[in-house]
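K.L.:
The structure that follows is given in the form of structure tokens.
The values are calculated or read from the model by the stated rules, or taken from the named source; none is laboratory data. Please read all numbers here as calculations on a predicted model, not as lab measurements. Glycine also receives a Cβ, built like all others from the backbone with ideal geometry; neighbour counts cover every protein chain displayed. We work out accessible area using only protein heavy atoms, side chains counted, and drop any ligands, DNA or RNA first. Shrake-Rupley method; radii C 1.70, N 1.55, O 1.52, S 1.80 Å.
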Amino acid sequence: MGDMANNSVAYSGVKYTVKDSNHGDFGVTVEELRDLMELRAADALHKIQECYGDVHGICTRLKTSPNEGLSGNPADIERRATVFGKNFIPPKKPKTFLQLVWEALQDVTLIILEIAAIVSLGLSFYQPPGGNEALCGTVSVGEEEEEGETGWIEGAAILLSVVCVVLVTAFNDWSKEKQFRGLQSRIEQEQKFTVIRGGQVIQIPIADIVVGDIAQVKYGDLLPADGVLIQGNDLKIDESSLTGESDHVKKTLDRDPMLLSGTHVMEGSGRVVVTAVGINSQTGIIFTLLGAGADDDEEKKEKEKKDKKSKKQDGAIENRNKAKAQDGAAMEMQPLKSEDGADGDDKKRNNMPKKEKSVLQGKLTKLAVQIGKAGLLMSAVTVIILVLYFVIDTFWVQKRLWLAECTPIYIQYFVKFFIIGVTVLVVAVPEGLPLAVTISLAYSVKKMMKDNNLVRHLDACETMGNATAICSDKTGTLTMNRMTVVQAYISEKHYKKIPEPQAIPEKTLSYLVTGISVNSAYTSKILPPEKEGGLPRHVGNKTECALLGMVLDLKRDYQDVRNEIPEEALYKVYTFNSVRKSMSTVLKNSDGSFRIFSKGASEIVLKKCFKILSANGEPKVFRPRDRDDIVKTVIEPMASEGLRTICLAFRDFPAGEPEPEWDNENDIVTGLTCIAVVGIEDPVRPEVPDAIKKCQRAGITVRMVTGDNINTARAIALKCGILHPGEDFLCLEGKEFNRRIRNEKGEIEQERIDKIWPKLRVLARSSPTDKHTLVKGIIDSTVSEQRQVVAVTGDGTNDGPALKKADVGFAMGIAGTDVAKEASDIILTDDNFTSIVKAVMWGRNVYDSISKFLQFQLTVNVVAVIVAFTGACITQDSPLKAVQMLWVNLIMDTLASLALATEPPTESLLLRKPYGRNKPLISRTMMKNILGHAFYQLVVVFTLLFAGEKIFDIDSGRNAPLHAPPSEHYTIVFNTFVMMQLFNEINARKIHGERNVFEGIFNNAIFCTIVLGTFIVQIVIVQFGGKPFSCSELTIEQWLWSIFLGMGTLLWGQLISTVPTSHLKFLKEAGHGTQKDEIPEEELAEDVEEIDHAERELRRGQILWFRGLNRIQTQIRVVNAFRSSLYEGLEKPETRSSIHNFMTHPEFRIEDSETHIPLIDDTDAEDDAPTKRNSSPAPPSPNKNNNAVDSGIHLTTDLKKSATSSSPGSPLHSLETSL
């Protein structure tokens, strides 16, 4: 890699330090290629002609063949990787475990505890000078001698428990990050690209592409490297990710042959010679500027520092230095390396992807802050009361004087009070909340992988549980996408199955076979089955495979025709797109005449046919009347059986005439002669009708949006159960839909959409724009009392906008194009509708898990806080000691979040309607359970506390002096308290007032393990914990009483669930979602760091210093933003920052405000799109302005940062919220 360091010199600012030996024996250096790729259009052509002659000249210098590609010899590939670099942009280093530990230590409550523990330790080692002890009030004297030996235990135990909490938190963060990176790299490894090596067309992982490779690009691809076009058919590229220009750029050899990495192929196909990869490609250069590959190489940094003083550098670097020269903002533009003083925060922000605050997090944050504030208040009051009581009692009532030699003892008392206060706070603050959410989501995501859902954005998982509508594609999702031709109309005869070849006139057959073989993407082929007796494999576009299958059924071989007419020999190709809904290929014959073959949607192609091949294979006149006959007798009957109809046709241009104007497509593809009309069946997946039934039962409406004709769509919808006979639901075609939703001026009106969507079930012949309009219309609708949460499936490039607009976008893992995958939140690895139902189940389960955890946690919180508070105020000493509180905290936070967050989903989740976006987290039923159980527990604890010594006939533990040994009395209180929590954890498994709390308990091994484990540890603590845990051993009888009182919670739970919630009108719900208008822009752009918000509130002072200025700027920006209602996008702000945002529009982007953006490519067009490819999840892309292009590196540019850094918890947060 030493070479590589030198090769990347251009961006380290030193030009041409490359030793000549270094560019191996290639006729061109990395720098020359990079300089070439920075040019556009005419400049680039000029440079190529001047330096290389033409593209073939570049190929020669790169020692590659335009037709055969590289030899594929490993040594050659390795050498190219060494000289020109690998196609890989190094990601930032992950945080080390120690960094995560350090972050976990920043928790405010833990810091307070550490201080308390250290003070306590210090004082225990401090031996007060012997004075008259009696003067100093009540200190138990008998035990003073050993006090020196055991006084340290409490402090040490607190520290130990702090260490436990920190390690658990850090480990969780670490595994979360590891999982995320694993997911990222999995997405990257799966992404393959088609190249030619040794004359063979193969697919290789993107990272293996080297300079000199000949790559095949086609519709829907995301280009993985820079290159120069060798041959192209109608190639159009969307370069908006790099240039910000939304118009598609036409690429031709004579106008603009430069293709850049990170751009999208929107139409056509072609062959490209790769000229720059990895950090030398255009995207790579931008990345390096933003410091993604910054920690790459120490020496580069050194060089950079030296160069700053020296001469101007390459364009790219110049820009960086200009940025540095400007104000301080440029700091952030530098590679964020630790020496540059980029504070930890920035580092954090770069590591994880940005994500929008999900509904759930909004609700939780609010709740946590409220609970935290209450806890803080309680703990402060506790400390104040204890101190006052002590001072008044000692100096007022007992009339003592404050003596110098007593000071240490008094201080010890105060420290003890302080520790009690802190423990109240620790128990009150629900730091397990973020943990529970993380565990629950991470666990779900991991399990969803098994259910064929690859989740790209964590919160999509939970949003899915709230989904109220699913707009699904037909082909491949509801159907098997295994197309076969089952009927045909050839030479004036309608065959119900494929005819024998003898039945068809020889001439017609030859037209048919040649037309199908040539006029389809050469990437579509039928391969022999993988397993013996399996079905033949269809590769490429499924509709084309069906037609090729028909050729094979006619005992002909399409490969022979293709060998005779290779792809280079095709004169012109009009590739498939949603406007044409057809594909045509022009052949030039040896005598100078031309023949064009066309295929496409039957009603469209038939309109252009003026002749038809008759029964003897000769063309005869085809009048509109005949056309209507065919439509009635052939096409409609086929469509009503759910077949998709395709018409095949051709046209000859005789030799003598002048060559037609090929760009004028309408004049070319007309006056055709019809060869045949075929009916293609795509059977419904057997498991789909059942899945749709489940959705409808769960309150989710399934709609079908397809590019097929309306009869086919209706037939399939009936088979699936989307439509039921006799119901008055709408089935519309795209045209009709548009007519109904637009006013006279042709503008879309929300009121009109509102009249249609509630009844609409099938939208046929729809364009991508229609799909987007429908999704947007449903989301923006205010007809129903809840805002609709819409999930959309899509696989074509054209589905991008709809996928992005939807609350949850599902892309097809097998049939989906890169563009679709990037716009999506979840990738269905098996393209199956049933997986969506699984996602709904998991989503609802996440929500329920968190509610279960809350129900449990809040009960413990209420009880522990009240017990500690009242106990301390009445008896001067918390009945639950600091260390015991921490143990309770560990049970109820960390362990319970593990136990309750990993409950597997059950089918019963699909029996209820979706929760709305603003349904509170804590329902009335839960509130009833929380208060009911808290009541029982308080009664038990207080009875034991104030009458326990009489009941069990033991010494009272109340009013014990400072260092008294642990009493049995308080140990029983502690033990019973923990037992009640354990049994209440079982109660918490059900939140909808179900009776049987044990149902399915053994399906969750983690839950059982944790409950048993906790029980065993509790026995150990009580029997052998001794002094550190302030416990003394208990007898069997006392143990049985504790367990009995604990089991009482189960019986009490039954009693509570008998009380109907409807009678308890006074119960309030809690944890409502933040209303849309309250959410400041900042909060939507929250980082992934789930710093618990209570802690943020506590950090206010600290933040004030660091961020005061930044704050005010942000404020102004927020206010302005709200004024200019740019943020209609608040419903789903795409704040997943990316280098593209930074490039396209520094301040903000307007989310799809209008739908007239011309979109390419059609919903179901995909089926005919001859260029589909089973590529795999692309790393999140430009289109969805969310993440960085090619390696899943997440960058935050400084423009975003000023907005992001404002965290709730900032002093001005309240102002933001009230905005």
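K.L.:
For segment 566-603, enumerate the residues that are among the charged types (D, E, K, R), touching a residue at least 40 places away in the same chain (Cβ under 8 Å) and within 18 Å of ASP652 (Cα to Cα).
P.N.:
LYS572, ASP591, ARG595, LYS599
K.L.:
Can you list the helices (runs of 4 or more DSSP H) lying wholly within segment 32-117 that have 2 or more residues being of a type in the set (Asp, Glu)?
P.N.:
The helices (runs of 4 or more DSSP H) meeting that bar are 41-51, 74-84.
K.L.:
Quick one: how many residues across segment 535-577 are out of contact with any Pro (no Cβ under 9 Å at 6 or more places or on another chain), in a loop (DSSP other than H, G, I, E, B) and either of a type in the set (A, V, I, L, M) or within 23 Å of GLY476 (Cα to Cα) (or both)?
P.N.:
3
K.L.:
Let me ask something else. Whether any residue in segment 446-458 is assigned to a helix (DSSP H, G or I), among the charged types (D, E, K, R), touching a helix residue (DSSP H, G or I) at 6+ places or on another chain (Cβ under 9 Å) and within 25 Å of ASN918 (Cβ to Cβ) is what I want to check.
P.N.:
Within segment 446-458, none of the residues are assigned to a helix (DSSP H, G or I), among the charged types (D, E, K, R), touching a helix residue (DSSP H, G or I) at 6+ places or on another chain (Cβ under 9 Å) and within 25 Å of ASN918 (Cβ to Cβ).
K.L.:
So in segment 32-51, with the set limited to residues that are in contact (Cβ under 8 Å) with a residue 24 or more places away in the chain and of a type in the set (D, E, K, R), which one is least open to solvent (accessible area, probe 1.4 Å)?
P.N.:
ARG34
K.L.:
Still on this structure, please answer the following. Condition first: closer than 24 Å to GLY642 by Cα and within 30 Å of the chain's Cα centre (by Cα). Now tell me which residues in segment 722-756 satisfy that.
P.N.:
Of everything in segment 722-756, just one residue is closer than 24 Å to GLY642 by Cα and within 30 Å of the chain's Cα centre (by Cα), namely ILE722.
Residue-by-condition table, conditions (1) open to solvent by less than 10 Å² (accessible area, probe 1.4 Å); (2) among the charged types (D, E, K, R); (3) within 21 Å of the chain's Cα centre (by Cα):
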site: TYR410; (1), (2), (3): yes, no, no
site: VAL415; (1), (2), (3): no, no, no
site: VAL445; (1), (2), (3): no, no, yes
site: ASN453; (1), (2), (3): yes, no, yes
site: CYS461; (1), (2), (3): yes, no, yes
site: ALA503; (1), (2), (3): no, no, no
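K.L.:
Anything in segment 385-406 that is β-branched (Val, Ile, Thr), touching a residue at least 24 places away in the same chain (Cβ under 8 Å) and within 27 Å of PHE125 (Cβ to Cβ)? List them, or say none.
P.N.:
Of everything in segment 385-406, those that are β-branched (Val, Ile, Thr), touching a residue at least 24 places away in the same chain (Cβ under 8 Å) and within 27 Å of PHE125 (Cβ to Cβ) turn out to be VAL387, THR394.
K.L.:
Taking TYR574 and the conditions (1) more than 23 Å from TYR219 (Cβ to Cβ); (2) of a type outside the set (Asp, Glu); (3) crowded, with 22+ Cβ neighbours inside 10 Å; (4) modelled with pLDDT under 90, which numbered condition does it fall short on, given that it satisfies the others?
P.N.:
(1)
K.L.:
Among residues belonging to segment 635-670 that are under 26 Å from ALA764 (Cα atoms) and free of Cβ contacts under 8 Å to residues at least 12 places away in the same chain, point out the one that is least open to solvent (accessible area, probe 1.4 Å).
P.N.:
So, considering only residues that are under 26 Å from ALA764 (Cα atoms) and free of Cβ contacts under 8 Å to residues at least 12 places away in the same chain, the one least open to solvent (accessible area, probe 1.4 Å) is PRO637.
K.L.:
Within segment 772-810, can you find the residues that are under 24 Å from TYR915 (Cβ atoms) and among the hydroxyl-bearing types (Ser, Thr, Tyr)?
P.N.:
Result: SER781, THR782, SER784, THR793.
K.L.:
So LYS776 ticks every box in (1) surrounded by 23 or more Cβ atoms within 10 Å (Cβ to Cβ); (2) over 28 Å from the mean Cα position of the chain (by Cα); (3) more than 25 Å from ALA715 (Cβ to Cβ) but one. Which box is left unticked?
P.N.:
The one condition LYS776 does not meet is (2).
K.L.:
Hey, another quick one. Say we look at segment 587-631 and pick out the residues that are open to solvent by 20 Å² or more (accessible area, probe 1.4 Å) and among the hydrophobic types (A, V, I, L, M, F, W, C); which of these is nearest to the chain's Cα centre (by Cα)?
P.N.:
ILE604
K.L.:
Can you find a residue that is part of a helix (DSSP H, G or I), in contact with an Asp or Glu (Cβ under 8 Å, 6 or more places away or on another chain) and either touching a residue at least 24 places away in the same chain (Cβ under 8 Å) or at positive phi (or both) anywhere in segment 1004-1016?
P.N.:
yes
K.L.:
Which condition from (1) open to solvent by 10 Å² or more (accessible area, probe 1.4 Å); (2) touching a Leu at 6+ places or on another chain (Cβ under 6 Å); (3) in a helix (DSSP H, G or I) is the one that ARG761 breaks?
P.N.:
Only one criterion is unmet by ARG761, namely (3).
K.L.:
If you don't mind, there's one more thing I want to ask. Kindly establish whether SER246 is in a strand (DSSP E or B), open to solvent by 10 Å² or more (accessible area, probe 1.4 Å) and among the polar types (S, T, N, Q).
P.N.:
It is false that SER246 is in a strand (DSSP E or B), open to solvent by 10 Å² or more (accessible area, probe 1.4 Å) and among the polar types (S, T, N, Q).
K.L.:
Another one. For segment 1013-1033, state whether one or more residues are crowded, with 19+ Cβ neighbours inside 10 Å and within 30 Å of LEU909 (Cα to Cα).
P.N.:
yes
K.L.:
Going by what's in this entry, would MET927 be described as touching a strand residue (DSSP E or B) at 6+ places or on another chain (Cβ under 8 Å), modelled with pLDDT of 85 or more and either surrounded by fewer than 21 Cβ atoms within 10 Å (Cβ to Cβ) or in a helix (DSSP H, G or I) (or both)?
P.N.:
yes
Let's see how each residue does on (1) farther than 20 Å from SER849 by Cα; (2) not basic (Lys, Arg):
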residue: TRP396; (1), (2): yes, yes
residue: CYS406; (1), (2): yes, yes
residue: PHE418; (1), (2): yes, yes
residue: SER440; (1), (2): no, yes
residue: ARG456; (1), (2): yes, no
residue: ILE470; (1), (2): yes, yes
residue: THR475; (1), (2): yes, yes
residue: TYR495; (1), (2): yes, yes
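K.L.:
To continue, here is another question. Can you tell me how many residues in segment 505-549 are of a type in the set (A, V, I, L, M, F, W, C), under 24 Å from ASN577 (Cβ atoms) and surrounded by 21 or more Cβ atoms within 10 Å (Cβ to Cβ)?
P.N.:
So the count comes out to 7.
K.L.:
Across segment 597-639, what is the number of residues that are assigned to a loop (DSSP other than H, G, I, E, B), touching a strand residue (DSSP E or B) at 6+ places or on another chain (Cβ under 9 Å) and more than 28 Å from TYR571 (Cβ to Cβ)?
P.N.:
Here the count works out to 3.
K.L.:
Taking segment 252-266, which residues are open to solvent by 10 Å² or more (accessible area, probe 1.4 Å) and either under 15 Å from ALA225 (Cβ atoms) or touching a residue at least 40 places away in the same chain (Cβ under 8 Å) (or both)?
P.N.:
LEU253, ASP254, ARG255, ASP256, MET266
Rundown of residues vs (1) touching a strand residue (DSSP E or B) at 6+ places or on another chain (Cβ under 6 Å); (2) under 25 Å from THR585 (Cα atoms); (3) of a type outside the set (D, E, K, R), yes/no style:
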{"residue": "VAL424", "(1), (2), (3)": "no, no, yes"}
{"residue": "HIS457", "(1), (2), (3)": "no, no, yes"}
{"residue": "THR463", "(1), (2), (3)": "yes, no, yes"}
{"residue": "LYS474", "(1), (2), (3)": "yes, no, no"}
{"residue": "PRO505", "(1), (2), (3)": "no, yes, yes"}
{"residue": "LEU509", "(1), (2), (3)": "no, yes, yes"}
{"residue": "SER517", "(1), (2), (3)": "no, yes, yes"}
{"residue": "SER520", "(1), (2), (3)": "no, yes, yes"}
{"residue": "LEU527", "(1), (2), (3)": "yes, yes, yes"}
